[in-house]
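A.B. asks: Structure below; questions to follow.
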Amino acid sequence: MSVLVYTENWNGKFKKLSFELASYASELAQMSGIEPVALSIGKVEQDELMKLAGYGIKKIISVEGDSIEKFDTRTYSRIISDQAKKEAATLIVLANNNEGKALAPRLSVRLQAAIASGVSGLPQETDPFRIKKRAFSGNAYATVELKTAVKILTLTQNSFDLSEKPVEASIEKVTAENYETAPGPEIQDVQIQTGKLLLSDAEIVVSGGRGVKSADNWGPILELAELLNGATACSRPVSDEGWRPHEEHTGQTGKIIAPNLYIAIGISGATQHLAGISGSKFIVAINNDKDAPIFDAAQYGIVGDAAKVLPKLVEALKAAGSS
Amino acid sequence: MNVLVCISHVPDTTTKIKFTDNNTRLDISGIQWVINPWDELSLTRALELKDDASCGIDKVSVAHVGPVSTEPTIRKALAIGADDAYRVDAEPLDAYQVAAQLAEIVKAGSFDIILCGIESSDYNGSNVGGMLAEFLDYPSVSGISKLEIKEGKAHITREIDGGKEMLISPAPFVGIVQKGIAKEPRIAAMRGIMMARKKPIQLVDAVQTEPLSETLEFEPPQPRPACKFVDPEQPGKLIELLQNEAKVI
Ligand SMILES: Cc1cc2nc3c(=O)[nH]c(=O)nc-3n(C[C@H](O)[C@H](O)[C@H](O)COP(=O)(O)OP(=O)(O)OC[C@H]3O[C@@H](n4cnc5c(N)ncnc54)[C@H](O)[C@@H]3O)c2cc1C
């Protein structure tokens, strides 16, 4: 029996999320007394694959093939379910991101496996299998019992600490064949911004709301984000106004993120906004209304006019950086 | 072309969530129920496409799994403009059981585009759409932020890490929708509300399916410690706290 973890790659490379998944799968396997096995799909070099062994993964399956270089939910879910059967996986772990959210439900039906999506920690018990997951958009946690022999968990990004545990690992190469499916969606064009830190990967996020007043006032926010090596985000009205691009909108109807630090500037803290950021480890609020609900969610706050506070904060950060 | 929008019935997103019976059940007293926000946007987009004759959409239906108490939510969808509705008479227990019910409606009907929201704002599963596609062995496209019909084909934009992907999908397919698909949800006008009373809600018997999981209890998130305020004249103090106390920068 095994824990099978699907470690997605980005142009042949893993990222921190992949190692969070590997760390999680190793600990879950240890807790259940079974072996962790990683599954990679698409072309990834040997030394990149071996990085997973640094997080306790003893067996790495690498599936390659010309027909599977592009992500397709039906093909990928077939590959994962075939490998899960071959490895007698009783637990399957995926990321709770775009790809994981697309694959997990298909796997569930294929393998008759119950899902807990958006978990951030290990199960409380493994027999019966009980685990906490996010519910009511961050306003609660639900404990769910997964009742099937095979179980699927999707892990929230940046919610599980990396645990380095180097082990000897073997790599099994599999050539994907016979995964032809009926014609599916055809990709016409892809637009990717390269070189930009993804909001979902960022450990520090600087975010502006309606209180920033206009698109022209974003300068210090961008500067702050750059100094902190972070990404920028915004509240919904800001992206609706077109002050910032839609992909920066966080909240219930936007991106759900869990950075180590979220700095909310001129954001009131509506429940729908908090739904997207309540998983942050630390929240800082800068707002001129001392009663704004964002201060109930924040550990650190400054009551003041963002236009005045931000330049000073940038200065202070530069001074701290150079000292 | 026919479109089916799967709708979930959830507490209004501003509702203060409370639990009862030793935290095993949602306390429904005082809750306002609404159509799940993404489902409402999907419905809005389906109706916009239907309004444009060049898209060739004949009918927009909605499907919902829930007991009779959820009918006001379905009536709301009809008032917004859906042509007809299906209600599977069952208590929704988990995503698998709900998707299994919806699959029967799709099989019995003739739908070209089936839309589901990316997640429901209550259980945050993000699973019904993908499960439905697998039950039907249909292609699916997730993270849809734009949907257009040109010459009978669905032109889709979906969000991927750091960008967008533009696709054309053969029908039938399941579209899993996120924000962007429509700007504001369509609001029911008086005429729509009157007309909705006459529109049919077809009652569908539940098929026998066991849920795969059970929600045992809920708990609110740990309250955060009280906010520490820093003098706005001395933001350097904030940097110090973030460096030395929180250790996040
Ligand atoms: C179904 C639904 C889904 C939604 N989903 C989302 C979502 O995903 N994300 C989201 O963000 N919202 C969402 N909303 C909207 C949400 O309810 C709020 O309206 C929104 O979050 C408010 O954005 P804001 O905080 O930027 O603006 P406001 O609420 O207008 O707050 C602006 C804040 O800035 C402060 N301010 C003003 N001037 C200054 C100044 N000079 N210096 C410092 N502070 C200042 C004010 O005190 C105020 O607190 C949703 C709403 C609904 C109904």
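The values are calculated or read from the model by the stated rules, or taken from the named source; none is laboratory data. Given the structure is predicted, the values throughout are model-derived calculations rather than measurements. So basically every Cβ, Gly included, is an ideal-geometry build from the backbone, and we count neighbours across all protein chains shown. Accessible surface is based on the protein model in full, side chains and every heavy atom, while ligands, DNA and RNA are left aside. Shrake-Rupley method; radii C 1.70, N 1.55, O 1.52, S 1.80 Å.
A.B. asks: Checking the conditions here, which among A:VAL303, A:VAL284, A:VAL314 is at the interface with chain B (Cβ under 10 Å from one of its Cβ atoms) and buried (at least 24 other Cβ atoms within 10 Å of the Cβ)?
C.D. replies: Working: A:VAL303 fails: buried (at least 24 other Cβ atoms within 10 Å of the Cβ); A:VAL314 fails: buried (at least 24 other Cβ atoms within 10 Å of the Cβ).
Selected residue: A:VAL284, the only one of A:VAL303, A:VAL284, A:VAL314 that is at the interface with chain B (Cβ under 10 Å from one of its Cβ atoms) and buried (at least 24 other Cβ atoms within 10 Å of the Cβ).
A.B. asks: Among the residues of the range A:233-252, what is the count of those that are surrounded by fewer than 21 Cβ atoms within 10 Å (Cβ to Cβ), free of Cβ contacts under 8 Å to residues at least 40 places away in the same chain and under 21 Å from the mean Cα position of the chain (by Cα)?
C.D. replies: Selection size over the range A:233-252: 2.
A.B. asks: Could you count how many residues in the range A:143-153 are within 8 Å of chain B (Cβ to nearest Cβ) and either surrounded by 22 or more Cβ atoms within 10 Å (Cβ to Cβ) or outside any strand (DSSP E or B) (or both)? It would help to see each step written out before you state the result.
C.D. replies: Residues of the range A:143-153 that are within 8 Å of chain B (Cβ to nearest Cβ), as a first pass: A:143-148.
Then drop every residue that is not either surrounded by 22 or more Cβ atoms within 10 Å (Cβ to Cβ) or outside any strand (DSSP E or B) (or both), which leaves A:144, A:146-148.
Residues flagged as within 8 Å of chain B (Cβ to nearest Cβ) and either surrounded by 22 or more Cβ atoms within 10 Å (Cβ to Cβ) or outside any strand (DSSP E or B) (or both) within the range A:143-153 amount to 4.
A.B. asks: So which residues in the range A:250-261 are at the interface with another protein chain (Cβ under 10 Å from one of its Cβ atoms) and more than 6 Å from the ligand (Cβ to nearest atom)? Write out each step before concluding.
C.D. replies: Taking the range A:250-261 first, the residues at the interface with another protein chain (Cβ under 10 Å from one of its Cβ atoms) are A:251-256, A:259-261.
Matches in the range A:250-261: A:LYS255, A:ILE256, A:PRO259, A:ASN260, A:LEU261.
A.B. asks: Something else: Residues of the range A:191-213 being touching a helix residue (DSSP H, G or I) at 6+ places or on another chain (Cβ under 7 Å), within 12 Å of another protein chain (Cβ to nearest Cβ) and not in a loop (DSSP other than H, G, I, E, B), which ones?
C.D. replies: A:VAL206
A.B. asks: Still on this model: Would you mind stating whether B:GLY180 is surrounded by 16 or more Cβ atoms within 10 Å (Cβ to Cβ) and either at positive phi or in contact (Cβ under 8 Å) with a residue 12 or more places away in the chain (or both)? Break it down stepwise before answering.
C.D. replies: Values: surrounded by 16 or more Cβ atoms within 10 Å (Cβ to Cβ): yes; either at positive phi or in contact (Cβ under 8 Å) with a residue 12 or more places away in the chain (or both): yes.
Yes.
A.B. asks: Sort through A:GLU99, A:GLU48 and tell me the only one that's within 14 Å of chain B (Cβ to nearest Cβ), in contact with a Phe, Trp or Tyr (Cβ under 7 Å, 6 or more places away or on another chain) and in contact (Cβ under 8 Å) with a residue 12 or more places away in the chain.
C.D. replies: Details: A:GLU48 fails: within 14 Å of chain B (Cβ to nearest Cβ).
Step by step, each of A:GLU99, A:GLU48 is checked, and only A:GLU99 is within 14 Å of chain B (Cβ to nearest Cβ), in contact with a Phe, Trp or Tyr (Cβ under 7 Å, 6 or more places away or on another chain) and in contact (Cβ under 8 Å) with a residue 12 or more places away in the chain.
A.B. asks: All but one of (1) at pLDDT 95 or above; (2) surrounded by fewer than 17 Cβ atoms within 10 Å (Cβ to Cβ); (3) of a type in the set (A, V, I, L, M) hold for B:ILE31, so report the exception by its number.
C.D. replies: Only one criterion in (1) at pLDDT 95 or above; (2) surrounded by fewer than 17 Cβ atoms within 10 Å (Cβ to Cβ); (3) of a type in the set (A, V, I, L, M) is unmet by B:ILE31, namely (1).
A.B. asks: Just for the range A:287-300: of the residues that are near the ligand (Cβ under 6 Å from one of its atoms) and in a loop (DSSP other than H, G, I, E, B), which one is least open to solvent (accessible area, probe 1.4 Å)?
C.D. replies: This residue is A:ALA292.
A.B. asks: Residues that are among the aromatic types (Phe, Trp, Tyr) and assigned to a helix (DSSP H, G or I): does the range B:30-47 have at least one? Show your work before the answer.
C.D. replies: Going residue by residue through the range B:30-47, those that are among the aromatic types (Phe, Trp, Tyr) are B:33, B:38.
Now restrict to residues that are assigned to a helix (DSSP H, G or I): B:38.
The answer is yes; a qualifying residue exists.
A.B. asks: Filter the range B:48-81 down to residues that are farther than 22 Å from B:ILE176 by Cβ and outside any helix (DSSP H, G or I) and give me whichever is nearest to the chain's Cα centre (by Cα).
C.D. replies: Checked the range B:48-81; the qualifying residue nearest to the chain's Cα centre (by Cα) is B:PRO67.
Table: residues versus (1) surrounded by fewer than 23 Cβ atoms within 10 Å (Cβ to Cβ); (2) β-branched (Val, Ile, Thr); (3) touching a helix residue (DSSP H, G or I) at 6+ places or on another chain (Cβ under 8 Å); (4) not assigned by TED's automatic domain parsing to the domain that holds A:GLU164.
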residue	(1), (2), (3), (4)
A:SER40	no, no, yes, no
A:VAL63	yes, yes, yes, no
A:THR73	no, yes, yes, no
A:LEU94	no, no, yes, no
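A.B. asks: Then there's this: Which is more than 14 Å from every other protein chain (Cβ to nearest Cβ) and not charged (D, E, K, R), of A:ALA169, A:ALA140?
C.D. replies: Working: A:ALA140 fails: more than 14 Å from every other protein chain (Cβ to nearest Cβ).
Within the list A:ALA169, A:ALA140, the selection yields A:ALA169.
A.B. asks: Something else now. Which residue out of A:GLU172, A:GLU177, A:GLU168 is more than 16 Å from the ligand (Cβ to nearest atom), among the acidic types (Asp, Glu) and part of a strand (DSSP E or B)?
C.D. replies: Details: A:GLU177 fails: part of a strand (DSSP E or B); A:GLU168 fails: part of a strand (DSSP E or B).
Going through A:GLU172, A:GLU177, A:GLU168 in turn, the sole match is A:GLU172.
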